[in-house]
Amino acid sequence: MASYKHYKEENFNKVLFDYPEAGSLFKSGAVADAAKLLFEKQKHEWPLLKKGTQSLADTKFREINFNGFKIKLQYNPNRITSTQAKTDNKSIKERECFLCYSNLPPEQKGILYEHEYLIVCNPFPIFDEHFTLPNINHFPQAIKGHFRKLLNFSKDLSKHYSVFYNGPKCGASAPDHLHFQAGSKNFLPVEQGFETIKGLYGEDILSNINIEVTGVNDGLRRFISIESINDKLIINVFELLYGLLQNLINRNEEPPLNIIAGYEEERGWRIIIFLRSKHRPSRFFAREDSNILFSPGVVDMGGVCILPREKDFKNLNKEILNEIFNEVVLGKEYFDYIKSGLRKRLDS
């Protein structure tokens, strides 16, 4: 395990020296504004990010409508490396970790957050402004023990961004290095249409003046949402949910999940936790016409499916989306077990 604690703090906070205005914003507590200014500066000065944002402007979109919600398809050739990322142990051991501080490109500037994470621009963006938030230490992707940091990030970046987590076996292209992501707020259809989806497909698990916990099955996705202004209550519910999922898989590893974290001053946090059964669908490994290069992560679960090949972008339809999503999400019987178990624990 590599550790970077021998670096002085200013080595990480390169932005304080190269972009002093962003550094001043960050020091004043305007974390989201500092990140936004960082992105604007880097977009003009870092060729790889400039190329990535320019290619994003040329991406194509189309929509597929379901009852009460929509799924967007994004044709984004720049994401092919991430989509095809090999995440087996052998492949990971044979490559350098691209999230470690010592391996970052010299042009990539970063803001040190809470003395243990960096805010850096993602040069292969999905969002108009896309950040990676890696830990400065190299240890495996895991949400257990780090969920509070996700809440902190989502609150501090909430002016402009939502924060995301991909589990090590359901979307993370670097499962060996703990990191979150942040991207343009309300970019994802599930954020835009959350209240409608919850109203049509949600089932109350717990609802009072302090917290709302809802189980949602919209036919494609199965997720638990937690809404509260009280972070301690949210953490308690998440830990109960995590324990139930751990019991379900009956293995000493992280249960597969994806998380979207958003925050608003007047209502607090809204955490959406997608429950998964597997990483990649059968069509990812299929041959010839049946093959679709689609590896669902948190952005895809949130309603924007990233397709790096044009043929997949053109051919993907409602029936195939139903097939793929229902293959990779937690099955209905198991979802019912999770909802029932969570309700019992929260009632006790």
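No value in this document is a laboratory result; all are computed from the given coordinates. Keep in mind it's a predicted model, so treat the numbers as computed, not measured. Neighbour counts run over all protein chains shown; Cβ positions are idealised from the backbone, glycine included.
Per-residue packing, averaged as other Cβ atoms within 10 Å, sorts the ranges 245-257, 67-79 into the order 67-79, 245-257, beginning with the highest. Would you work out the relative contact order for the chain, in percent, from Cα pairs under 8 angstrom that are 6 or more residues apart? The value is 18 percent.
Over 21 Å between Cα atoms: which of K27/K232; K169/K344; K36/K109; K72/K198 fall into that group? From K27/K232; K169/K344; K36/K109; K72/K198, over 21 Å: K27/K232; K169/K344. Protection proxy ranking of 299-305, 111-117, 155-161, 23-29, by the mean of other Cβ atoms within 10 Å over each peptide's residues and highest first, is 299-305, 155-161, 111-117, 23-29.
How many lysine pairs are close in the range 268-343, with Cα atoms under 26 Å apart and the two 8 or more places apart or on different chains? The result is 6. Hydrophobic long helices, here whole DSSP H runs in the chain with Kyte-Doolittle means of at least 0.0 and Cα atoms spread over 24 Å or more along the helix axis, are found at 231-249. Helical runs assigned H by DSSP (4 residues or longer) give the chain a calculated mean residue ellipticity at 222 nm of -10500 deg cm²/dmol, each run adding -39500 (n - 2.57) before division by the residue total.
Computed from the alpha carbon atoms alone, the convex hull of the range 122-183 holds 83 Å³ per residue.
Reducing the range 295-324 and the range 125-163 to their Cα centroids gives an inter-centroid distance of 24 Å.
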